[in-house]
Every structure is written in structure tokens, then in C-alpha cells.
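Have a look at the structure below, then the notes.
The values are calculated or read from the model by the stated rules, or taken from the named source; none is laboratory data. Predicted model, so just to flag it, every value in this text is computed and none were measured. So basically every Cβ, Gly included, is an ideal-geometry build from the backbone, and we count neighbours across all protein chains shown. Accessible surface is based on the protein model in full, side chains and every heavy atom, while ligands, DNA and RNA are left aside. Shrake-Rupley method; radii C 1.70, N 1.55, O 1.52, S 1.80 Å.
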Amino acid sequence: MKRTFNYTNRKSIHRKNIEITVHGEDGNYRFDATLNLDDYDLPADAFVFVEASFQQQFMRFSFGSVGLVKPPEDRNLTKFSSGGVVYFRVKVVAMDGEIGFLLAEADKLKLTLDNSDQSQNSLLVVKQDENLEEEVWQLDLNENDPVLKMNKSLDDWKSIVKSPEFSSFVLPSILRTILRHVIIHEECADITDESSWHSEWLRFAISLPGTDKDIPHSQDPDYEEKIEEWIDSAVRSFCKKNSFLSKFRNSRNGNES
């Protein structure tokens, strides 16, 4: 008999109680996970799972029980390739016969796979794309998260993304486009949803020094003008925090830093 799951009344596990890191390179990746479930009043015998997925790829790892969280020896991400993305999900499940009750979860913990260790703090997914023809890059907002696609014919695409020229010209434009998409097109101003990339980007914007913490409301007078001003302010703060103009000038003068 196929197991079914009851998803009602589940608790949300906060990101602050989860730390996941991925290590490795060239398609050989392994993850570590530290889980703190003490704050959620969960049954000690409930099962704990960590799942990794991206598109059609899926892996599940048993982490013991709430009373005894025990990472498995094998935490190798064998189904995931270099330069890709992995979404992690933490689940706490109580079983009653063949019925599984989802008691708590944290969903869409995103990590990017590349040649350096990553934590779940990366907002923008970057990956190669073979269909860009003469485009160097393209922003895709049609997937689970915003994706910066880089032309696959560029052998040094990673260094290009990190270069002062690319960063100063492209990243502010990407931030502006994403904020306009989230607030104006998706009509989202919620910063509390930890499973939503929309909220994640809004939280990032309001965390920038100088950005107003209060996002203009659609019912406010002159809303359209105010929201454009708010987005402009966030982009300016982003540029100032990263010193894009100075880095660009230094690079042009042969003093890249």
C-alpha cells in the first residue's frame, strides 16, 4: 500500500534552527546539516528527514528521530552535477501505520553548487545555458527562483560573473528587475514567508543600509511613484554597499580589487 501524508497543522521550522552546507567540487558533493528542533514541542520518536531536490532529481536522507538526530554516514549528493542548484527540505514525520503525518518542515533551502563551499545564503542562482546564442547573460524569472543564465560558450563564465565590470553593470539592473517583478507584477509585499523567494528578496532589500524598512502599500496615495522611489533607493543602497563605481574605476585603471 502506498503511504500517504497528512499536511494539516504542520509547524514551520525557522531558518535560524537549520544550518546546511555543501562541500566538494566537479560533481562530487557532500552536505552537512545541523538541526535544532528543541523549540517545536515535537514527539521524540517522530522521524526526521532531509531531502535534496532540483527539477527531476531527488534524494532523501534519514536523520534519525527528534529525540536523537543522527546524520547518516552517506550524505553524498550523487544525483547533482557541478554548477547546479539544490533545494533542501527538512521534514519531521510521525507514522500511524501507512499514514504519515507531517508535523513540521522547512522548505526551499537553496544552495548553489560550484567550486567553493556554499551556505544557504545565496539569493541569485547562476548557471550555464546553451540556448542564449549571442546573449552573454539572461535573467529568468520563470523558475522556482530568479536564475542568472550565462552563455555556455563562455569558458570563464564564473570569473566574468565575479568581475567588477559585470557586477557593476549587471547586478544593480538584476536587483531592480526582480524587485519590480515581485512588488509590481506579483503584487507581493510580504516579508514573513520563509518558503517564498519573493519574501527572501524583499528581506534582502530592506536589510540594505539606507533602505526604508516600510514597503509602500498599494492603498497609499501616489503608490506607483512611491514604489518606484523605494526600489530606486534599494538599488542605490545596494550599489553603495558594494562600492560598484569605485571597483569599476579601479578595474578600468588596471587596479582590480
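What to note about this one:
- Count - residues of region 134-154 that are of a type in the set (A, V, I, L, M) and surrounded by fewer than 17 Cβ atoms within 10 Å (Cβ to Cβ): 4
- Ser167 falls short on exactly one of the conditions (1) more than 20 Å from the chain's Cα centre (by Cα); (2) open to solvent by less than 30 Å² (accessible area, probe 1.4 Å); (3) among the polar types (S, T, N, Q), and that condition is (1).
- Within region 230-251, restricting attention to residues that are over 24 Å from the mean Cα position of the chain (by Cα) and touching a residue at least 12 places away in the same chain (Cβ under 8 Å), the residue that is most open to solvent (accessible area, probe 1.4 Å) is Leu245.
- Filter pass, Gly64 being farther than 14 Å from Phe31 by Cα, among the small types (Gly, Ala, Ser), at pLDDT 95 or above and in a strand (DSSP E or B): yes
- Taken over region 45-85, the residue count meeting the criterion of being within 23 Å of Lys11 (Cα to Cα), open to solvent by less than 40 Å² (accessible area, probe 1.4 Å) and of a type in the set (Lys, Arg) is 0.
- Region 206-229, residues that are in a helix (DSSP H, G or I) and either charged (D, E, K, R) or surrounded by fewer than 17 Cβ atoms within 10 Å (Cβ to Cβ) (or both): Ile206, Ser207, Tyr223, Glu224, Glu225, Lys226, Glu228, Glu229
- Of the set (1) within 30 Å of Ile13 (Cβ to Cβ); (2) without any contact (Cβ under 8 Å) to a residue 24 or more places away in the chain, all apply to Trp197 but (2).
- Of the residues screened, Asn17 is not one that is open to solvent by less than 60 Å² (accessible area, probe 1.4 Å), out of contact with any helix residue (DSSP H, G or I) (no Cβ under 6 Å at 6 or more places or on another chain) and at pLDDT below 90.
- Every residue from region 15-54 that is farther than 17 Å from Asp107 by Cα and small (Gly, Ala, Ser): Gly24, Gly27, Ala44, Ala46
- Residues satisfying the stated conditions in region 200-229, i.e. free of Cβ contacts under 8 Å to residues at least 24 places away in the same chain, of a type in the set (D, E, K, R) and under 30 Å from Lys11 (Cα atoms): Arg203, Lys213, Asp214
- Test result for Phe58, assigned to a loop (DSSP other than H, G, I, E, B) and modelled with pLDDT under 95: no
- Residue in region 175-182 that is within 18 Å of the chain's Cα centre (by Cα), closer than 25 Å to Lys127 by Cβ, in a loop (DSSP other than H, G, I, E, B) and in contact (Cβ under 8 Å) with a residue 24 or more places away in the chain present: no
- Annotation: of all residues in region 22-44 being among the hydroxyl-bearing types (Ser, Thr, Tyr) and open to solvent by less than 30 Å² (accessible area, probe 1.4 Å), the one that is modelled with the lowest pLDDT is Tyr29.
- Odd one out for Val182 among (1) surrounded by 14 or more Cβ atoms within 10 Å (Cβ to Cβ); (2) over 17 Å from Phe238 (Cβ atoms): (2)
- Contacts under 9 angstrom Cβ, first residue in region 128-141 being free of Cβ contacts under 8 Å to residues at least 60 places away in the same chain, partner surrounded by fewer than 14 Cβ atoms within 10 Å (Cβ to Cβ) and acidic (Asp, Glu), 6 or more apart: Asp129/Glu135; Asp129/Asp140
- Among residues of region 67-89 being in a strand (DSSP E or B) and under 17 Å from Asp145 (Cβ atoms), the one that is modelled with the lowest pLDDT is Val85.
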